[in-house]
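The values are calculated or read from the model by the stated rules, or taken from the named source; none is laboratory data. Quick caveat, the model's predicted, so the values are computed rather than measured. Every residue, glycine as well, gets a Cβ built from its backbone with ideal geometry; the counts of neighbours run over all protein chains shown.
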Amino acid sequence: MGRSLTRWGAFVKIVVSYLPQSLKKNPLRAKKYRQRLTYHNTVTNLSDLPVEIINFIAERLYYIDQIRFRAVCKRLQSSIYNHIKFADRLPWIMGYNSSKEIHGGLIYLYEPSQKRRYRVDNEILVGAELHASKFGWLLLSKKTKSSTSPHSFFFYCPFTGEIILLPELDMGDANRATFSTAPTSSDCVIFVISIHLLSPKDVDYKFFVSTCSPGDTTWRSNLRLYETYGGLMFNVAYVNGVFYCAFHAYQMMGAYNHALQEWKVHPYPPVFKRPIVFERPPYYFLYLIESPDDRSVILLSKHYTGPAEYCLNVFRFDQSHMKWCRIENFTSGYSESHDHDDEQTVEIENLNKRMLFYSDLNGLSLAAEGEASELANTTHGNYGGGMVESSCLLQIYDWVHGGDGALLKKVWIQPPHTR
């Protein structure tokens, strides 16, 4: 018992040593904490600590460790604020067997900071198609037997097991979907672009943008067009009230402003429009990356120049001025893909201390802070069943591909932060 009290006293002293540094800007709060901590140096139970100190400890734990921390007792569960941050600075990876639909209802979560793998098995995932992964939630759909609404949509959180059902929707042959905020938020909107390539000739409209929110009973058909835009869509993103879609065949990005009910198309930067050193035009893989911090969308293009060599071109779309800016410090091989005239039409800028994560279904722009500071100005591609391709020597995710992981389709996923 004496040894445990000694350890507890040492633990409290560590907490005390950290707190004054974070309270220097507020002397009154600092004095209050010192008075409370002087008393609590004598406590012998973690749950007896002030709520502020409990939250101070919790926000320095990784997501999984914080769950265990909350589970210690009811006091900790009720004391930790819902908006508390986690120590996690890197996105996780979700792996699953799929050609298009998830096989067996089994997925794996890979936590990079402590290199842990977690197995998640849920029957609702059997036969589901994954459309988006954001805020710790998955947006999925399943085919139904209905002739009028053949797809049922739903949200699933693999971290908590929560399920949120959505209305059924009649989608086209080609479709992409995403959502604005966490489905538990009151302002969450789900967006689906649907293109009917195989519709009968007497069907007028072929291109649809449909929206709904959790709790709705039907989808709203917000936009209907005759155009199919070539039918090939890479991926979609949502930033600052605008739903973006990257097309390939038509060399442009579509943008749907939800509040204005307005659809616009924006041509890609000149680098995509002409072959330079190739006998035939290079095939670009395009990825949209959400950058909510500066309220913009980032376009990352990738094309291979050899068996293991590729060029990256990274642009930011300035929504306020409707123009593209090239991100110089994230671009590789660009000098071979443009000429002087192109430079005159695209402004050059830098995006410092950021990390770009891209995949077939989602893209993230995150601040390189804390444990992730060594990954500043790096890109990490996660698609198909291959390895994560990183533009840095520090391979954070190389362990994911061991064993069965090498055969799984992968997508980025983050713990369900509620801040």
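Couple of notes before you dig in:
Here's the yes/no breakdown for (1) part of a strand (DSSP E or B); (2) at pLDDT below 85:
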{"residue": "P158", "(1), (2)": "no, no"}
{"residue": "G172", "(1), (2)": "no, yes"}
{"residue": "L198", "(1), (2)": "no, yes"}
{"residue": "G215", "(1), (2)": "no, no"}
{"residue": "Y244", "(1), (2)": "yes, no"}
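- Residue count for the range 137-152 under the criterion of being of a type outside the set (G, A, S), at pLDDT below 95 and either surrounded by 17 or more Cβ atoms within 10 Å (Cβ to Cβ) or not assigned by TED's automatic domain parsing to the domain that holds L169 (or both): the result is 2.
- Selection within the range 124-134 - surrounded by fewer than 20 Cβ atoms within 10 Å (Cβ to Cβ) and in a loop (DSSP other than H, G, I, E, B): V126, G127
- Checking each residue in the range 200-213 for being at pLDDT below 90 and buried (at least 20 other Cβ atoms within 10 Å of the Cβ) picks out K206, F207, F208.
- Summed over the range 223-273, the residues that are among the aliphatic types (A, V, I, L, M) and free of Cβ contacts under 8 Å to residues at least 12 places away in the same chain give a count of 1.
- Taking every residue in the range 275-292 that is in the same structural domain as H248 (by TED's automatic domain parsing) and pairing it with any residue that is of a type in the set (F, W, Y) and at pLDDT below 65, at least 6 positions away or on another chain, the pairs with Cβ-Cβ distances below 7 Å are Y284/F272.
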